[in-house]
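Just so you know, all these numbers are worked out from the coordinates, no wet-lab data involved. These numbers were taken from a predicted model, which means no experiment stands behind them. Cβ placement follows ideal geometry from the backbone for every residue including glycine, while neighbour counts extend to all protein chains displayed.
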Amino acid sequence: MREARSRSPQGAEESLHVLRRAPRRHPGGGRARQDLADRARHGRQRAVHAACRGGPGARMRPVVACISEATVGIAAERGLPMLLGMHIGDAEKAALVAEYGARGGTARDHLAAGVAYVADSTAEAVREIKESLPRWLGPGLAGYVPVDGRPRPSRHIPEYVDLLTRIHPVGSAEHCAESILRTAEVTGIDRFILLVEGLGEHRRTLENVRRLGAEVLPMLRR
């Protein structure tokens, strides 16, 4: 969200340049934005009209995207769950969960991001992801601009995609289920946010979602 609109008690609209002010506050920008979200969650902030809204009765549930000990500290101080990125494996996720607990964090409903793709065999799934994902992931990562002005970190896209296929549920239904269960066992995280559009085609994305629900999910419920 680049900008949100907040209405003052006098009726005048004010702009909350939440992200636009972050570079001047870095590295405290993340802390300031989390404080703003926290006040809104507890009703201590004036109403903010955002573009994205949940369904009827939905309540805002902030999570903190954690990529370092500093952001783990922000989450722990506020008792908020963490969102751990798809670029790290189970051991690194487990270490961040342990760090969160050591810092006094109380939330248990952390989330793990990942890539998920189901095919008839693991070899087929890996091959298709390696062929398709770099075509749009490369340009997307190339457009990333660090908020504090530091040079953009570069990634070797084929190597990164290879890593994603090895640490996430990309494979046969059985392999995908085993991967998710292994992550849950190692990290203690049982909530996942999965990128399912890796092939970049609407029809194939819908088929992937169908297979995850019909073939993988039942194995996770045993």
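What does the extension gain come out to for Arg166 and Ala107, with contour length at 0.36 nm per residue minus their alpha carbon separation? That pair, Arg166 and Ala107, stretches by 18.4 nm at full extension.
Remark: spin-label model distance Ala91-Glu201 equals 3.7 nm, labels positioned 7 Å along the Cα→Cβ axis. On a per residue basis, the convex hull of the C-alpha atoms belonging to region 108-198 measures out at 110 Å³. Each residue of region 205-211 was assigned a 3J(HN,Hα) from its phi angle through the Karplus expression (A = 6.51, B = -1.76, C = 1.60, θ = phi - 60°), giving 5, 4, 5, 5, 4, 4, 5 Hz with x at Gly and Pro.
Taking all C-alpha pairs of region 154-222, those more than 19 Å from each other amount to 38 percent. Taking 10 °C and 1.306 mPa s as conditions, region 63-220 diffuses translationally at an estimated 96 µm²/s according to Stokes-Einstein applied to its Kirkwood radius (Cα pairs). What residues of region 167-195 lie in the reach of a label at Ala123, counting those whose backbone N is under 18 Å from a point 7 Å from the Cα along Cα→Cβ? Under cut-off, by backbone N: 170-176. Restriction of the GluC sites (Glu not before Pro) in region 181-222 to DSSP coil positions whose beta-carbon has at most 12 other beta-carbons within 10 angstrom yields Glu201. Placing dummy labels 7 Å off each Cα toward the beta-carbon, the span from Leu220 to Arg182 is 1.6 nm. Of the trypsin sites (Lys or Arg not before Pro) found in region 122-171, those in coil by DSSP whose Cβ has at most 16 other Cβ atoms within 10 Å are Arg155.
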